[in-house]
Amino acid sequence: MEIMQLNAWGNEYDICIEVCQYEQNKNLALQLYFWDDGYWEPFATLTVNVGEKCDENCSYVDTNNCPWAPALIEKYRLGEYTGEVGFSGYCSYPEYKFNMSEIKKYEYREPEPQHKEHKNRDDGR
């Protein structure tokens, strides 16, 4: 997994992406994680579900809570703006078609469990 660098709110973050889907309509959902003191912690949900079914690999980007999202998407070639906009409450959200091969480079992977080597002991039993 490769790591993205994000400068937001006056701080620099090492981040990666988890690919999910919204249960309501199976739209693409993208969760960001950041490296914090030796662990990957949830950072932000990059996408928002406005209830409309999107085309494959498309989703609305939460520019309300993540104003840095379009720059991140462009910098890492994660997707392109489709020209469509979704609305929820008083907010509008641009729709992006995501490049899943680029996203896969930065996709969050659960760490492999650390197995201790078990040594057979000769205890005479």
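The values are calculated or read from the model by the stated rules, or taken from the named source; none is laboratory data. Note that the coordinates shown come from a computational prediction; the quantities given were computed from them, not determined experimentally. Cβ: placed from backbone, ideal geometry, glycine included. Neighbour counts: every protein chain shown.
Across region 51-70, what is the number of residues that are surrounded by 13 or more Cβ atoms within 10 Å (Cβ to Cβ), over 12 Å from LEU28 (Cβ atoms) and modelled with pLDDT of 95 or more?
Qualifying residue count, region 51-70: 7.
If you go through region 8-28 one residue at a time, how many are at pLDDT 95 or above, assigned to a strand (DSSP E or B) and under 30 Å from GLY51 (Cα atoms)?
Of the residues in region 8-28, 8 are at pLDDT 95 or above, assigned to a strand (DSSP E or B) and under 30 Å from GLY51 (Cα atoms).
So, in region 83-96, of the ones that are modelled with pLDDT of 95 or more and surrounded by 15 or more Cβ atoms within 10 Å (Cβ to Cβ), which residue ends up nearest to GLU2 (Cα to Cα)?
TYR96
Considering only residues that are under 16 Å from the mean Cα position of the chain (by Cα), touching a residue at least 24 places away in the same chain (Cβ under 8 Å) and either surrounded by fewer than 11 Cβ atoms within 10 Å (Cβ to Cβ) or over 24 Å from CYS91 (Cβ atoms) (or both), which ones fall in region 1-25?
MET1, GLU2, ILE3, MET4, CYS16
For region 45-84, give me each residue that is aliphatic (A, V, I, L, M), in a loop (DSSP other than H, G, I, E, B) and touching an Asp or Glu at 6+ places or on another chain (Cβ under 6 Å).
Passing the criteria: only LEU78.
When both residues are 6+ apart or on different chains and their Cβ atoms are under 6 Å apart, which pairs have a first residue that lies in region 81-105 and is touching a residue at least 60 places away in the same chain (Cβ under 8 Å), and a second that is surrounded by 14 or more Cβ atoms within 10 Å (Cβ to Cβ) and in a strand (DSSP E or B)?
PHE98/GLY79; ILE103/ILE17
Within region 99-108, is even one residue basic (Lys, Arg) and either part of a loop (DSSP other than H, G, I, E, B) or at pLDDT below 95 (or both)?
Taking region 99-108 and keeping what is basic (Lys, Arg), we get 104-105.
Next cut, either part of a loop (DSSP other than H, G, I, E, B) or at pLDDT below 95 (or both) only: none.
No, that holds for no residue.
Which of the following residues is over 18 Å from MET4 (Cα atoms) and either of a type outside the set (A, V, I, L, M, F, W, C) or touching a residue at least 60 places away in the same chain (Cβ under 8 Å) (or both): THR63, THR45?
From the options THR63, THR45, the qualifying one is THR63.
Within the group TRP40, TRP35, which residue is within 17 Å of ILE3 (Cβ to Cβ) and loosely packed, with under 15 Cβ neighbours inside 10 Å?
The match here is TRP35.
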